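Peer 1: Take this structure first; my questions come after.
Here, each number is a calculation from the coordinates, and none is a lab measurement. Here the structure is a predicted model, which means the values were calculated and not measured. Heads up, the Cβs are rebuilt from the backbone with ideal geometry, glycines too, and the neighbour counts pull from every protein chain shown.
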Amino acid sequence: MNKIAWLTTTTLILFFSAWPVRAEFTFACSANNDLFKLVPDARRFDTPEQAIDHAADGSAVLILADGYPTQLTEVSSSAFDLARAKHLRLYVEFPSEVPSLKIGKPRLTTWERAIVASDAFGEALPKLRIVAPQDCIFTPCDAPNLDLVIGRVAGFDTAVYGLPKERWPLLFSMNDGQWIVATSKLTGFVTARFAPANDWRIVWRSILKKLDPSHEPPPLAFEPTVRPALSADAPLPAHVERETFDRAARFYQHARLLIAPQRRDEIHKLLTVGVEETAAPASDVEGDGSLGILEGYASRIRFDGSQAQRTPIRADCNAEAAMVLALDASLNPEHARAGQIAGNLLDYVYGPEMQSMGRSDPKHPAFGLIAWGAVSPAWKIANYGDDNARVILATLLAAAAQKTDRWDEPVLRALLANLRTTGGKGFRGDRIDIAALESRGWRAYHDAAPVNPSPHFESYLWACNLWAYARTGDRAFIDNTLNAIHVTMEAYAGRKWRWMDNNERSRMLLCLAWLVRLQDTPEHRGWLTAIATDLLAAQQPCGAIQERLGGTGGGHYQIPQSNEAYGTAETPLIQTVGDPASDQLYTTGFTLFALHEAAAATGDAKCKAAEDRLAEFLCRIQVRSEKLPLLDGAWFRAFDYKRWDYWASSADMGWGVWSVEAGWGQAWIAATLALREKQTTMWEFTAASKVTDQFAKVRVQMSQNDGQPVKPTARGDGGRP
């Protein structure tokens, strides 16, 4: 060997001896497995036995749950023996058996989440951190060395009350750390939309590092199948608000929520027996609005990434969806179908389904009121003032967009029906059911004097009354309303609102903006400034409105006070004040709308700047998804503006982090973007309403019941969001 050859050979030997031999990743799985697709140069075999047989000694083999959730992963005892003999590092998930481990029958989860139980994931994912393996079906077992456990746990992203008493292993190591076992399928984290997305990237990079200690794991870079439209710092497109509105309007027509004739009987049957969730249709089946629209999408994410639809047919959601579609047709004349659907939805709201149980009978004390929902007995009996108010406001805005007086009469009936069931001090209370109206008559409510300083339930009716007074001049709409607003602002100064949160502040801000329109006094401006200042103190640099709750809340809306309480009642998205959550169901949409009206009413530059920042934030976090197009254009309830991901405490029954409501905040975000595009406000846009032309006719109708009890027609009860 000559000198040059010797030097070359020696250099190569030294080079390769200094470079650690890479432990190969060998997979037993489908080629479509999420993790497999993210690990470059990995080898794949169809069965565990093939993978173990072909794996190099000392390398890593991952045996994945292709049959999940219906079939456990079967690995023969001889395959485990061979793995031990070859000193293989194993990852096995959802196994039917593992040597020296007793595995129970698979269990379903409902409210359970995963909790970090060790220091295995480092400082980036410390012990007691909470993550969500969606739709987790797991096999109970007794195991040591737990890294993740599954259980019902309270907290925003940390188990504030510690590990739950009832918990089960989810991820652990055995065989002196050589084998890692998951009792569920964790490799479907992309498809099943495990959350938060980056935390699961940390989990998986940590697992891969254990399987191959000599090398840094692959980056596992992936784009979530459902994601925000724009990052926090991405440049804004030139016409981002118009594009965001257009996509939101399209959502209503492609989300398969409009009830088609072939779904009507199925939906009605489910509602009749109290079933409030069902799978979305497998193919495009859209109605034209004449049979109504479903409430939206439930928060629970299934293993395939899909979400169930919520079956209730709510009056508010129908009217608010109609509002968005009517504005769509107004902004885009070529979208004639959107306008037709809007009209059909409002005809449904004011038709027999929603006007049952005496609401269409002038001789009945419920005449003119609008049912909480249709078909379901629990929803038909209720008359919520705030829901009625949003139906009224949405109808007025839709009618103005379509330049029609088609719904003026039922709107005026609803205004007067709610007014006559409001007490002498201007408060109506949260809810009045049909049975109570029949047994007491409407006059008992009119003559009572309740005090209920809860803007969530009261203030939108006050806004309706102020609007009605401006159009009719009837002082019945304003006198008691002024008293109620005054009492409520005194209660605010004494911190005596029910929740003292930004949901209530956003609701109050609207009626104060319209009060300034009518009576621009220093006191009224002072009230508006006080609410706006406290509300905007929670606005973040990105534009988000941080959720804040005074104490633990009250009544049915409380922060869980224990792990066991998680998922048992309606709750905020936060566990403690300071959690970085914004709420698109209850807060940000109503805040955007109120700021828009307040800035125009007062000329306040701070309100206008805050409105602009919030509008930008909401454009950025609108849902985008090519793989799940039914959700594209929506807004999920929760957004963690620090993670820039859809995340929060998801304890709220039915309306958790990933829920999508057809109405509520979602609709008012879109409507306000349309008003901004039109460079007008709702107050101005609806100024030409001729609802007062129906006054004489409706007064005669309503005079046919003198407020006395009538023969009962209904009994029952129900909850609400």
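Peer 1: How large is ³J(HN,Hα), in whole Hz, for each residue of region 313-319 in order, when computed from phi with the Karplus curve 6.51 cos²θ - 1.76 cosθ + 1.60 and θ = phi - 60°, using x for Gly and Pro?
Peer 2: Per residue, the Karplus-derived 3J(HN,Hα) values read 9, 8, 5, 5, 4, 5, 5 Hz.
Peer 1: Okay, moving on. Kindly rank 692-704, 473-485 from highest to lowest mean number of other beta carbons found within 10 Å of each residue.
Peer 2: 473-485, 692-704
Peer 1: Moving on. For region 100-243, give the magnitude of the charge dipole about the Cα centre (Cβ charges: +1 Lys/Arg, -1 Asp/Glu; no others), in debye to the nearest 20.
Peer 2: Roughly 520 debye for region 100-243.
Peer 1: Of 603, 169, 232, which is farthest on the positive side of the dipole of the chain, counting Cα position, with +1 on Lys and Arg Cβ, -1 on Asp and Glu Cβ, and the Cα centre as origin?
Peer 2: 603
Peer 1: Does region 402-532 classify as rounded, prolate or oblate by the C-alpha gyration tensor (a ≥ b ≥ c root eigenvalues; a/c under 1.5 gives rounded; else a/b over b/c gives prolate, otherwise oblate)?
Peer 2: Oblate, because a/c is 1.5 or more while a/b does not exceed b/c.
Peer 1: Now, a different point. Which of the aspartates and glutamates could a cross-linker span from residue 102 if the Cα-Cα distance has to be under 19 Å and same-chain partners fewer than 8 positions apart are dropped?
Peer 2: Partners found: 74, 81, 93, 142, 147, 166, 176.
Peer 1: Rounded if a/c is under 1.5, else prolate if a/b beats b/c, else oblate: with a ≥ b ≥ c from the C-alpha gyration tensor eigenvalues square-rooted, which is region 22-73?
Peer 2: Oblate, since a/c reaches 1.5 and b/c is not below a/b.
Peer 1: Each label point is 7 Å from the Cα along the Cα-to-Cβ direction; what then is the distance between the points at residue 537 and residue 486, in nm?
Peer 2: The answer from the label model is 2.6 nm.
Peer 1: Considering only DSSP beta bridges where both residues belong to region 28-222, give the percentage that are antiparallel (nearest 5).
Peer 2: In region 28-222, DSSP labels about 65 percent of beta bridges as antiparallel.
Peer 1: May I pose another question? Which whole-Hz couplings ³J(HN,Hα) result when phi for each residue of region 536-548 is put into the Karplus expression 6.51 cos²θ - 1.76 cosθ + 1.60, θ = phi - 60°, listed in order with x for Gly and Pro?
Peer 2: Computed from phi, the couplings for region 536-548 are 7, 5, 8, 6, 8, x, 6, x, 5, 9, 6, 5, 9 Hz.
Peer 1: May I pose another question? As I understand it, the dipole of region 28-222 uses +1 on the Cβ of Lys and Arg and -1 on the Cβ of Asp and Glu, about the Cα centre. Which of 51, 63, 194 lies farthest toward its positive end?
Peer 2: Checking the options against the dipole of region 28-222, the answer is 194.
Peer 1: With the cut-off at 26 Å, tell me which of the pairs 185/642; 37/127; 425/496 have Cα atoms farther apart than that.
Peer 2: Too far apart for the 26 Å limit: 185/642; 37/127.
Peer 1: For the pairs 606/690; 86/209; 403/606; 165/627, note any where the Cα-Cα span goes beyond 29 Å.
Peer 2: Pairs exceeding the cut-off: 606/690; 403/606; 165/627.
Peer 1: Test of understanding: extend the Cα→C-beta vector of residue 406 to 7 Å, then name every residue of region 335-379 with backbone N under 14 Å from that spot.
Peer 2: 336-351
Peer 1: Would you work out which of 686, 667, 700 lies farthest towards the positive end of the dipole of region 588-702, given +1 charges on the beta-carbon of Lys and Arg and -1 on that of Asp and Glu, about the Cα centre?
Peer 2: Farthest towards the positive end: 700.
Peer 1: Which of the aspartates and glutamates could a cross-linker span from residue 269 if the Cα-Cα distance has to be under 15 Å and same-chain partners fewer than 8 positions apart are dropped?
Peer 2: 277, 353
Peer 1: Okay, moving on. Hey, what do the phi angles of region 689-699 turn into as Karplus ³J(HN,Hα) couplings, whole Hz, using 6.51/-1.76/1.60 and θ = phi - 60°, x for Gly and Pro?
Peer 2: The phi angles translate into 4, 10, 4, 5, 5, 8, 4, 4, 5, 5, 4 Hz.
Peer 1: State, to one decimal in nm, how far the label point of residue 530 lies from the label point of residue 46, with both points 7 Å from Cα in the Cβ direction.
Peer 2: According to this spin-label approximation, the distance is 7.4 nm.
Peer 1: Nearest 0.05, what FRET efficiency do residue 232 and residue 704 give at R0 = 60 Å with Cβ-Cβ as r?
Peer 2: Between residue 232 and residue 704 the formula returns 0.55.
Peer 1: Check residue 645: other-chain or 5+ apart residues with amide H under 5 Å from its amide H, H built from backbone geometry?
Peer 2: The answer is 640.
Peer 1: Also, quick follow-up: Over the chain, what is the relative contact order in percent, taking alpha-carbon pairs closer than 8 angstrom and at least six residues apart?
Peer 2: Computed value for the chain: 14 percent relative contact order.
Peer 1: Magnitude of the Cβ-charge dipole of the chain, K/R +1 and D/E -1, about the Cα centre, nearest 20 debye?
Peer 2: That gives a dipole near 700 debye.
Peer 1: Of 210, 690, how do they rank once you tally other Cβ atoms within 10 Å and put the fewest first?
Peer 2: Least to most surrounded, the residues fall as 690, 210.
Peer 1: When DSSP beta bridges are limited to those with both residues in the chain, what percentage is antiparallel, rounded to the nearest 5?
Peer 2: Taking every DSSP beta bridge with both residues in the chain, the antiparallel ones total about 70 percent.
Peer 1: Subtracting the Cα-Cα distance from 0.36 nm times the residue separation, let me have the gained length for residue 165 to residue 272 in nm, one decimal.
Peer 2: Using 0.36 nm per residue and subtracting the Cα-Cα distance, I get 34.8 nm.
Peer 1: Let me ask something else. Suppose R0 equals 25 Å. What FRET efficiency, 1/(1 + (r/R0)^6) with r the Cβ-Cβ distance, do residue 279 and residue 30 give to the nearest 0.05?
Peer 2: So, using R0 = 25 Å, E works out to roughly 0.60.
Peer 1: Given Cβ point charges of +1 (Lys, Arg) and -1 (Asp, Glu) and nothing else, what value in debye, to the nearest 20, does the dipole of region 165-288 about its Cα centre take?
Peer 2: Roughly 320 debye for region 165-288.
Peer 1: While we're looking at this one, here's another question. Quick check: net charge around residue 671, other residues with Cβ under 12 Å of its Cβ, Lys/Arg +1 and Asp/Glu -1?
Peer 2: So the surrounding residues net to -1.
Peer 1: On to the next question. Which far-off residues, 5 or more places away or on another chain, put their amide H under 5 Å from the one on residue 570, with H placed in the peptide plane?
Peer 2: Excluding prolines and chain starts, which carry no amide H, the hits are 558, 653.
Peer 1: Whole percent per 20 Å bin, from 0 to the bin with the longest distance: what is P(r) over all C-alpha pairs of the chain?
Peer 2: Pairs per bin, as whole percents: 17, 45, 26, 10, 2, 0.
Peer 1: Given H placed 1.01 Å from N in the peptide plane, which residues other than close sequence neighbours of residue 539 have an amide H under 5 Å from its amide H?
Peer 2: 546
Peer 1: Multiply the residue separation of residue 443 and residue 243 by 0.36 nm, subtract the distance between their alpha-carbon atoms, and state the gained length in nm to one decimal.
Peer 2: Stretched fully, the residue 443-residue 243 segment lengthens by 67.1 nm.
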